[in-house]
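K.L.:
Sharing a structure below in structure tokens format, with a few things to ask.
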Amino acid sequence: MSTLPILRWPDPRLSVICSPVGEISRDVDVLAQNLLDTMYEANGRGLAAPQVGQMRRLFVMDASWKEGRPDPQVFVDPKILEVSEERASSSEGCLSIPGILAEVRRPAKVKLVWTALSGSELTQSFDGFAAICIQHELDHLNGIVTFDRLKGARRERAEAEYKALS
Ligand code: ZN
């Protein structure tokens, strides 16, 4: 069990498209555990491998531990199969952009396929916070952060607010 330093925007590694993991080897297991440890220590609900400088398509999520129901989940090589037409706006925080909440609009529900640490392929539909968190973390695997989801003046304001904090 160990925690890793979290990269902060605008570290260029946060803008890279990550590579597929493929076969689950021992180092993937270790990375997943370290991501979970790092996420909990940073008081987050989701963390993607590129946020600790590992450019691989893997993220972790625990949507309910803050409500006293720990549910650690590991998603390897995740792909969205379907999104709902219904959209939801949420204030999204990011461990790589501490102190900033960005209002992002996304599909309210997603159907995801991914590889579990056991090596089996899983498919599940998600809604609520989990659906938003999954899309946020998947964005990281594609080199996208919340600022990239804001347009024009809203992005400028959010970036200025972040720079004023750092
Ligand atoms: Zn993030």
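Read the figures in this text as sums done on the coordinates, not as results from a lab. Everything quoted here is computed from the prediction, not taken from an experiment. Don't worry about glycine lacking a Cβ; one is built from the backbone with ideal geometry, like all the others, and counts go over all protein chains shown.
K.L.:
Restricting the range 73-118 to residues that are surrounded by 14 or more Cβ atoms within 10 Å (Cβ to Cβ) and acidic (Asp, Glu), which is nearest to the chain's Cα centre (by Cα)?
P.N.:
Glu92
K.L.:
Report, by residue number, each residue of the range 86-102 that is within 16 Å of the ligand (Cβ to nearest atom) and not in a loop (DSSP other than H, G, I, E, B).
P.N.:
Of everything in the range 86-102, those that are within 16 Å of the ligand (Cβ to nearest atom) and not in a loop (DSSP other than H, G, I, E, B) turn out to be Ser90, Ser91, Glu92, Ala102.
K.L.:
I've got another one for you. Could you please let me know if Glu121 is farther than 22 Å from Ser64 by Cα, of a type outside the set (Gly, Ala, Ser), surrounded by 13 or more Cβ atoms within 10 Å (Cβ to Cβ) and free of Cβ contacts under 8 Å to residues at least 24 places away in the same chain?
P.N.:
No, not satisfied.
K.L.:
Among (1) surrounded by fewer than 16 Cβ atoms within 10 Å (Cβ to Cβ); (2) touching a residue at least 60 places away in the same chain (Cβ under 8 Å); (3) in a strand (DSSP E or B), which single condition is Asp29 missing?
P.N.:
(3) is the only condition that Asp29 fails.
K.L.:
Answer yes or no: is there a residue in the range 47-70 that is among the polar types (S, T, N, Q), farther than 24 Å from Leu165 by Cα and outside any loop (DSSP other than H, G, I, E, B). Before the answer, list the steps.
P.N.:
Here is the first cut: in the range 47-70, the ones among the polar types (S, T, N, Q) are 51, 54, 64.
Now restrict to residues that are farther than 24 Å from Leu165 by Cα: 54, 64.
Right, trim to outside any loop (DSSP other than H, G, I, E, B) and you get none.
Scanning the range 47-70, I find no residue that is among the polar types (S, T, N, Q), farther than 24 Å from Leu165 by Cα and outside any loop (DSSP other than H, G, I, E, B), so the answer is no.
K.L.:
Report, by residue number, each residue of the range 74-85 that is away from the ligand (no atom under 16 Å from the Cβ) and either assigned to a strand (DSSP E or B) or touching a Cys at 6+ places or on another chain (Cβ under 8 Å) (or both).
P.N.:
Val74, Val76, Asp77, Lys79, Ile80, Leu81, Glu82, Val83 - these are the residues of the range 74-85 that are away from the ligand (no atom under 16 Å from the Cβ) and either assigned to a strand (DSSP E or B) or touching a Cys at 6+ places or on another chain (Cβ under 8 Å) (or both).
K.L.:
Can I ask one more? Does the range 103-152 hold any residues that are touching a helix residue (DSSP H, G or I) at 6+ places or on another chain (Cβ under 7 Å), assigned to a strand (DSSP E or B) and within 16 Å of the ligand (Cβ to nearest atom), and which are they?
P.N.:
Of everything in the range 103-152, those that are touching a helix residue (DSSP H, G or I) at 6+ places or on another chain (Cβ under 7 Å), assigned to a strand (DSSP E or B) and within 16 Å of the ligand (Cβ to nearest atom) turn out to be Val104, Arg106.
K.L.:
Could I ask something else about it? Output the number of the condition that Val60 fails; it satisfies all remaining conditions of (1) buried (at least 17 other Cβ atoms within 10 Å of the Cβ); (2) away from the ligand (no atom under 16 Å from the Cβ).
P.N.:
Among (1) buried (at least 17 other Cβ atoms within 10 Å of the Cβ); (2) away from the ligand (no atom under 16 Å from the Cβ), the lone unmet condition for Val60 is (2).
K.L.:
Now, a different point. If Ala102 satisfies every condition in (1) more than 18 Å from Ile144 (Cβ to Cβ); (2) in contact with a Gly (Cβ under 9 Å, 6 or more places away or on another chain) but one, which is the exception?
P.N.:
Of everything listed in (1) more than 18 Å from Ile144 (Cβ to Cβ); (2) in contact with a Gly (Cβ under 9 Å, 6 or more places away or on another chain), Ala102 misses just condition (1).
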